[in-house]
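Taking it in order: structure first as structure tokens, then the write-up.
The values are calculated or read from the model by the stated rules, or taken from the named source; none is laboratory data. Quick caveat, the model's predicted, so the values are computed rather than measured. We place every Cβ from the backbone using ideal geometry, glycine too, and count neighbours over all the protein chains shown.
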Amino acid sequence: MLFRKETPSSPDAGIKAPAAVAPLIIIAVFGVWAGFPNDLISIPLFILLWPLALCFLGIKATGRERAFYYGWLASFGGAVAALYWLCFPVRDVGALPWPLAIVCALIICACLSLQGGFFSLVARYCGIRTKSSVIILALSWYLLEYVFAVITGFPWLVISGALASWPFTLQTAEFFGAYLSSALWLMGVLFIVSGYIRDGGRSSTGFFGRQEIYGYLIIVFICAYGVYGLGKKDSGEELDVLY
């Protein structure tokens, strides 16, 4: 079944839920922080931990409201960790006092974090166990990145923005564009994870089931074309920038 039925939560679900989802929220925040450039550690592929954690937050939530809230909260923490610097231009260019500049930066992060809430909500309904679910989640991420970039006027928190630090991971943007390239990376990772957990990780094929292979092929294609594309550019081939 593609979409799951909404089940009523138990009276004590609200008490147990925060402890159960706390590690996932931490993983999401760490993924955004470590995926984007910072002064301590920057590994662009870690950005994929963010949507992956949002998927499980949506699945583990006890209802629609909690799924959206957990996704928003995790994304808000990541946005603050990655976009803390927004308070500096707001203060310097806008000539605002520090308290007001910080509040403005937090409002921007809160608005951008709605993307994570909506994504967790999608994961709440479709799960990640089937191929159809993985494709729906990847396309949902693509649409959310695009829509929020249009609404806010700038792609603040997008997977391709973090991956840009490693150019070979983003050469497929030549054909698909940045947002769809983000979705392609996410689809590859979700295929690997969903294939492994579909039977609780007890499959005799381990990480090499059919769905996992789909994911590996997507990632190998992205990286292989990235290396090829960069090699072609480094070879000194002339590019006609007009036509």
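Would you call L143 at pLDDT 95 or above, surrounded by fewer than 18 Cβ atoms within 10 Å (Cβ to Cβ) and out of contact with any helix residue (DSSP H, G or I) (no Cβ under 6 Å at 6 or more places or on another chain)? Yes: the conditions hold for L143. Looking across the stretch 108-167, the residues that are of a type in the set (F, W, Y) and under 22 Å from A61 (Cα atoms) come down to F118, F119, Y125, W141. Select, from S160, S120, S133, S181, the only residue that is among the polar types (S, T, N, Q), under 19 Å from I25 (Cα atoms) and either more than 18 Å from the chain's Cα centre (by Cα) or part of a helix (DSSP H, G or I) (or both). That would be S120, the only listed residue that is among the polar types (S, T, N, Q), under 19 Å from I25 (Cα atoms) and either more than 18 Å from the chain's Cα centre (by Cα) or part of a helix (DSSP H, G or I) (or both).
Evaluate the stretch 91-108: report whether one residue or more is among the aliphatic types (A, V, I, L, M), modelled with pLDDT of 90 or more and not in a helix (DSSP H, G or I). Within the stretch 91-108, none of the residues are among the aliphatic types (A, V, I, L, M), modelled with pLDDT of 90 or more and not in a helix (DSSP H, G or I).
State yes or no: is Q171 in a loop (DSSP other than H, G, I, E, B) and either at pLDDT 90 or above or of a type outside the set (A, V, I, L, M, F, W, C) (or both)? Taking the combined requirement at face value, the residue satisfies it. Quick one: is F68 modelled with pLDDT of 95 or more and in a helix (DSSP H, G or I)? Against the criterion (modelled with pLDDT of 95 or more and in a helix (DSSP H, G or I)), F68 qualifies.
For Y125, the conditions (1) surrounded by fewer than 20 Cβ atoms within 10 Å (Cβ to Cβ); (2) closer than 21 Å to G35 by Cα all hold with the exception of (2).
Taking every residue in the stretch 67-87 that is within 14 Å of F118 (Cβ to Cβ) and in contact (Cβ under 8 Å) with a residue 12 or more places away in the chain and pairing it with any residue that is of a type in the set (F, W, Y) and assigned to a helix (DSSP H, G or I), at least 6 positions away or on another chain, the pairs with Cβ-Cβ distances below 8 Å are F68/F118; G71/F118; G71/F119; A74/W50; S75/W50.
Considering A173, A138, A164, A178, the condition of being under 19 Å from W33 (Cα atoms) and of a type in the set (A, V, I, L, M, F, W, C) is satisfied by A164 alone.
Once the stretch 189-211 is narrowed to residues that are modelled with pLDDT of 90 or more and farther than 22 Å from A74 by Cα, the residue that is surrounded by the fewest Cβ atoms within 10 Å (Cβ to Cβ) is I192. Selection of the stretch 114-144 for residues being of a type outside the set (A, V, I, L, M, F, W, C) and more than 20 Å from A178 (Cβ to Cβ) yields G117, S120, R124, Y125, G127, R129, T130, K131, S132, S133. If you go through the stretch 77-85 one residue at a time, do you hit one that is closer than 22 Å to A34 by Cα, among the aromatic types (F, W, Y) and buried (at least 16 other Cβ atoms within 10 Å of the Cβ)? No; the residues of the stretch 77-85 include none that is closer than 22 Å to A34 by Cα, among the aromatic types (F, W, Y) and buried (at least 16 other Cβ atoms within 10 Å of the Cβ).
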